[in-house]
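Following: one structure in structure tokens, then a few remarks.
Just so it is clear, none of the values below were taken in a lab; they were calculated from the coordinates. Note that the coordinates shown come from a computational prediction; the quantities given were computed from them, not determined experimentally. So basically every Cβ, Gly included, is an ideal-geometry build from the backbone, and we count neighbours across all protein chains shown.
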């Protein structure tokens, strides 16, 4: 029997913003697939979400292991036949990252490989399934730190946040949004970069001004865009963000 509910894959959904995105999508009636690098943590997260209602599954997706990404795509194809929503949430930071003159190149490579190359690999693997959706949605979890305009603005509160690996990875993710939106123009798939805000998670050391629940609101809004959805946008809670 064909699925009637929308099908969503959220990467890095075993905790933090990803977990809250999965929870809120589930409350909206979406069948949610919890993508997680650690299979057991993913199953536990899915079991916790399932306690509030049906329609939650788990699959291993490790952005640094393309074999898991391809296997996940095959599993979704066999189980559901399509994908309606892809939320590229998974990402890392590295303590050895820092200003260009000081950052560990190994750390920068790790961050770029995961946050950009890994996300690109997931997107490529899931695109054939998204093309089978009547209204495919791709949400790339961006960051204000990925804005070239803000990085170059001395008056910005983020001007001193010089993390060449992390910031560059999010700027590259924005390039993926721009180019993919152009490539998919005229199709039923919309692609947007969404900055959730400064959220208290493991990645931020639990510093921030927003809870994961609050940070999930905007990504969920763009994941659930209806007809005539905008595409190729970079948005944050305050509105459009500068590239």
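Can you divide the C-alpha Rg of the range 86-165 by 2.2 N^0.38 Å and report the result to two decimal places? Before the final figure, lay out the partial values.
Values: Rg = 15.5 Å, N = 80, 2.2 N^0.38 = 11.6 Å.
My calculation over the Cα atoms of the range 86-165 gives 1.33.
Taking the helices alone, the chain has a mean residue ellipticity at 222 nm of -12000 deg cm²/dmol, built from -39,500 (n - 2.57) per DSSP H run of at least 4 residues and averaged over all its residues. Our summary of shape: the Cα atoms of the range 21-130 have principal axis extents of 50, 29, 23 Å, ordered from largest down, in whole angstrom. So if we plug the beta-carbon distance of residue 5 and residue 183 into 1/(1 + (r/R0)^6) with R0 = 30 Å, what FRET efficiency do we get, rounded to 0.05? Computed FRET efficiency for residue 5 and residue 183: 0.60.
Set against the 2.2 N^0.38 Å expectation for a compact globular protein, the range 64-103 has a Cα radius of gyration ratio of 1.84. Here the label points at residue 40 and residue 175, each 7 Å from Cα along the C-beta direction, are separated by 3.9 nm in the simple model. Short-range pairs are left out: with C-alpha atoms under 8 Å and at least six residues apart, the relative contact order of the range 7-240 is 19 percent. Largest GNM mean-square fluctuation among 138, 85, 164, using the chain with Cα springs under 10 Å: 164.
How long are the three semi-axes of the equivalent ellipsoid of the chain, in whole Å, if each is the root of 5 times an eigenvalue of the C-alpha gyration tensor, listed from largest down? Each semi-axis is the square root of five times an eigenvalue, giving 28, 19, 17 Å. Between residue 155 and residue 102, the contour length at 0.36 nm per residue exceeds the Cα-Cα span by 16.7 nm. DSSP beta bridges confined to the chain are antiparallel in about 5 percent of cases.
For the range 103-243, a Kirkwood hydrodynamic radius built from all Cα pairs, placed in the Stokes-Einstein relation at 37 °C and 0.692 mPa s, yields a translational diffusion coefficient of 208 µm²/s. Full extension of the segment from residue 28 to residue 240, taken as 0.36 nm per residue of separation minus the current Cα-Cα distance, would add 73.9 nm.
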